[in-house]
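Reading through the structure tokens given below for one structure.
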Amino acid sequence: MSQPRVIDNRSARRLFLARQGLAFPPHRKLSDAGLLELIEHLGFVQLDSIQTVERAHHMILFARNQTYRHKQLARLHEREAALFENWTHDAAIIPSRFFPHWKLRFTREEARLRERWRKWRDGDFESELASVLQHVADNGRVLARELGNDDEAKPKTNGGWWDWHPSKTALEYLWRCGHLAVAARDGFQKVYDLTERTLPRAHLEPEFPEAETVDWACRAALQRLGVATSGEIAAFWDLVTPAEAKAWCLARKDGELEEVHIETTEGGKPRAAFCFAGEDPCAELPEPPKRLRVLSPFDPLIRDRKRTERIFGFHYRIEVFVPAAKRKYGYYVFPLLEGDRLIGRIDMKHARERGELRVKGLWLEPKVKLSAARRGRLEAELERQRRFTGAGRVVFEKGWLRS
């Protein structure tokens, strides 16, 4: 039996960059149709409310094309309904043509979420489900704050998901299970409506057997990863179980799929993975842009932290929930991509009240130096970020260059 083909580490990096949209020309004019094509290429874009510099979904798209503008995403989502919001591994914006395959998730979520949230909320949200759904059906679009808190004697707080009132919990449950959709955003607050009033009928009506959705999810994930283990395939959309992805791979091994070995960084043991047979995924890979780019902590390139470490040799953890005294870097530190390497991280903030993009700290990886050329690339990227966020100037705080 022949030995599995080995994909060298540099090719693995470039392959993943290409499949994650980071090898495209970043200055090519991006139309709305081009933006939809980009999101379909990625599969989804994670949403996050933190706005230290800019919200995650906008940063993810801007990292791939500097001509991207916020209003384009709103048009595709709210006016064209070409995108919908729901869950992958987290809240995300997803092409609407993928919606039929989310029906499997909705079916599986109904019982699982009800059981989990019943323990969390003592079941109080369940009594609200029918009335909340009827309210939306009768009255149209609604924000959670418009439904109020049933317990008027309870002090109002600014708590997070753990402090949702029953009606808000019911809205989220109905959304997570597909009965409601996010029709728009008011700031960053969800505006809910019935799913059938929100998405085009062409995306609502198709029904796929469970096996077809499992096949679609595994196939589409592998296309976007290039090479992957069955666990990575399952985790991509979080639509299928690890057991389903493993069975899918094993059923196609030595046929439609080929096992390959991926070289890791620092001479580590090669990692066994799968790719589609009959093709060389690393053939004619584009040269990644040489510019330096800031990535969101939720960028799909680094979402799988273990994969990031194996392929790029870059250890990254977000420290939002780490007590300040125990943080190694900072509250919300952004990875830096240069060419096909992750070369460091930067702590920066858009101080909106002062009109400044403030650089608080820069840490480069071992053996990476801040040469004059690299400093120029850093300053060029910070200038792009300044224009994108609308800040008036870039300010480097004292002691910003860290060892």
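Couple of notes before you dig in:
- Rounded to 5, percent antiparallel among DSSP beta bridges of the chain: 80 percent
- Straight-line cross-link reach from Lys246 at under 17 Å between alpha-carbon atoms covers these aspartates and glutamates, not counting any fewer than eight positions away in the same chain: Glu210, Glu212, Asp215, Glu232, Asp238, Asp254, Glu256, Glu258, Glu259.
- Element breakdown for segment 296-379 at a 1.4 angstrom probe: carbon and sulfur atoms account for 52% of the accessible area.
- Projecting the Cα positions of Gly390, Pro242, Pro300 onto the charge dipole of the chain (unit charges on Cβ atoms of Lys, Arg, Asp and Glu, taken about the Cα centre) puts Gly390 furthest along the positive direction.
- For the chain, the 222 nm mean residue ellipticity estimated from helices alone, with every DSSP H stretch of n ≥ 4 adding -39500 (n - 2.57) and the total spread over all residues, rounds to -11500 deg cm²/dmol.
- Among Asp347, Asp8, Asp32, the order of accessible area from largest down is Asp8, Asp32, Asp347, computed with a 1.4 Å probe on protein heavy atoms.
- Rounded to the nearest 0.05, the FRET efficiency derived from the C-beta distance between Phe106 and Ala351 at R0 = 41 Å is 0.50.
- Accessible area per residue, Å², the chain with all protein chains present, probe 1.4 Å: 47 Å²
- Net lengthening on full extension, Ala33/Lys269 (0.36 nm per residue, minus Cα-Cα): 80.8 nm
- Simple rule: put +1 on each Lys or Arg Cβ and -1 on each Asp or Glu Cβ in the chain, find the dipole, and look at Ala351, Ala272, Thr213; the Cα lying farthest toward the positive end is Ala351.
- Exceeding the 20 Å Cα-Cα cut-off - candidates Lys290/Lys367; Lys269/Lys369; Lys290/Lys360; Lys103/Lys253: Lys269/Lys369; Lys290/Lys360; Lys103/Lys253
- Percent carbon-and-sulfur accessible area, segment 174-269, ignoring ligands, DNA and RNA, probe 1.4 Å: 50 percent
- Considering only Val45, Val182, Val320, the Gaussian network model of the chain with Cα springs below 10 Å gives its largest mean-square fluctuation to Val320.
- Solvent-accessible ranking of Phe188, Phe334, Phe276, largest area first, probe 1.4 Å: Phe188, Phe276, Phe334
The values are calculated or read from the model by the stated rules, or taken from the named source; none is laboratory data. Quick caveat, the model's predicted, so the values are computed rather than measured. As a convention, Cβ positions derive from the backbone with ideal geometry for all residues, glycine included, and neighbour counts pool all protein chains shown. Note: areas computed on protein heavy atoms with side chains; ligands, DNA, RNA excluded. Shrake-Rupley method; radii C 1.70, N 1.55, O 1.52, S 1.80 Å.
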